[in-house]
Structures are given as C-alpha cells and as structure tokens.
Amino acid sequence: MHLLSNTQQPAERISSVFHRRLSDFLSPLLQVLDARLDRRLVHTFSLLVEAIIRFRHRQHGLLLSELGAYLLSPAKAPAGTKRISNLLRSGKWQYSLLADWLRAQAKAQLAQWPAQPLLLHWDESVVEKPESIHSQGLCPVRSAKARRLVRLRPGFFNPPLQRPVQVPGFHWLGLLLMGLHTVPCLYLQAWWSTRLASGSEQAATLRRRCLEQA
C-alpha cells in the first residue's frame, strides 16, 4: 500500500503540472469566449478541451456521447452530451475566432523570440474516415493507409492497383512556426471538404491566405 502511494504521487504531480499549463494556455482564449458566450458554455469549452486531450487516441475517435461521459461522469453522459451540443450549436461564435486566436498567439510568441532563422512548416494531408458515410461534409480523399496495405512484400503478392483508393474523409492544412532554439507553435489549422458548397474555391482561398499571412 505504501509502495502504491509512492508511485501515484509522481503521476499526480505530473498531471497537476500539465493541467496548470493547459489552463495557462487556454486562459486568453477563454477570456475572448467569455465576451461572446454564456459563462456555462465557456466552462463547457474548457472541460471539453481537457477531455479530448486526456482521452483522444490515434486509433480511437471520440463519439459525442463518450465526450459527454468524460465531461461529467458516465452516469451523467446525456447531460454532458447536451452541454457539448449547446456549445457547438451556439451562433455567437465560429471557427474563425479560434483561428484568429491561434495566429495572435503565434505572432506574440514570435515577437519574444530572439533573432534566429525561422521556418514555417506547411503540412497538408487528409483525415480518413473509411467507415463513415453519414457525417456532414465528407468527401473523397486518397487513402494513404490503403496504399501502404497493398505494397508488395517478400513472400506475398498483391496485384498493383491501377487507381488510388478513395475513402470518405476531410482535407486539412496546418502551418507550424519553428525556430532553432524555441518551442514550435501552431500558426494555423484548417479543414475543408470538396463536396460542400464551393469547397474547391474554399481550399484555394485558404492556401492563398496562408501564403499571404506567412
């Protein structure tokens, strides 16, 4: 019992440190949201970000009902899900507010960096949702996973495909600002679909805007 408590203490300290860092990081954004949204929605936003960071896994997506359970408790999952739904459906805020905040944070951090060579890393890919067909905005994307699975391997034979495999998904683009002696910071993150109205125009406008802002 004493050994168990000793092993739990470092984990609790590490957890409290990262929780404090997350609170410090989100504090400016929460102040911006507080000027637009009800305080209960702002609190829901803070708890939602923490739940996603704690329980998100590369191979495991989070359903809205799961997030509702993590937000409050498994016994209060419907109430937690309703809180998230109220936050997402609120017409008093939109994604551009988060994008503007990210750019402002990156520019403020850039102003504090010492003189050094800088690199703006442009990363563009897709989010594959091969098992989904009803999610809003899904469009055909080229599957990198399918391309890896059909590669020829010693002792196994798979006929090469003539055309790339298309699966449902989203396109995304991110800009990461990096220096030689500083911690990288996210400058922009955006998603779009070619099946939404003027999706191709939206993608072209986004790329052009990224180049202008860079």
*Show the residue pairs that are 6+ apart or on different chains and have beta-carbon atoms under 9 Å apart, the first residue being within the stretch 61-82 and surrounded by fewer than 17 Cβ atoms within 10 Å (Cβ to Cβ) and at pLDDT below 90, the second being in a loop (DSSP other than H, G, I, E, B) and of a type outside the set (Gly, Ala, Ser).*
Gly61/Lys129; Leu62/Arg56
*First in the stretch 178-202 and of a type outside the set (Gly, Ala, Ser) and exposed (fewer than 15 other Cβ atoms within 10 Å of the Cβ), second anywhere and at pLDDT below 80 and outside any strand (DSSP E or B), Cβ under 7 Å, 6 or more apart*: Leu180/Gln116; His181/Gln116; Arg195/Gly137; Leu196/Gly137
*Would you pick out the residues in the stretch 101-136 that are surrounded by 13 or more Cβ atoms within 10 Å (Cβ to Cβ), touching a residue at least 40 places away in the same chain (Cβ under 8 Å) and farther than 26 Å from Leu29 by Cβ?*
Val126, Glu128, Lys129
_When you check Leu41 against the structure, is it under 21 Å from Leu186 (Cβ atoms), at pLDDT 90 or above and part of a helix (DSSP H, G or I), yes or no?_
no
*Return the residue satisfying two criteria in turn: it lies in the stretch 60-103 and is assigned to a loop (DSSP other than H, G, I, E, B) and out of contact with any helix residue (DSSP H, G or I) (no Cβ under 7 Å at 6 or more places or on another chain), and of such residues it is farthest from Arg36 (Cα to Cα).*
Gly61
*Give the residues of the stretch 174-196 that are touching a strand residue (DSSP E or B) at 6+ places or on another chain (Cβ under 6 Å) and at pLDDT below 85, sorted by residue number.*
Gly179, Leu188, Gln189, Ala190, Trp191, Trp192, Ser193, Thr194, Arg195
*Would you please name the residue that is least open to solvent (accessible area, probe 1.4 Å), looking only at residues in the stretch 137-168 that are among the small types (Gly, Ala, Ser) and at pLDDT below 80?*
Gly137
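The values are calculated or read from the model by the stated rules, or taken from the named source; none is laboratory data. None of the values given here were measured: they were computed from a predicted structure. When we count neighbours, we look across all protein chains shown, and the Cβ atoms used for this are built from the backbone with ideal geometry, even at glycine. Areas reflect the complete protein model, heavy atoms only, side chains present, ligands, DNA and RNA absent. Shrake-Rupley method; radii C 1.70, N 1.55, O 1.52, S 1.80 Å.
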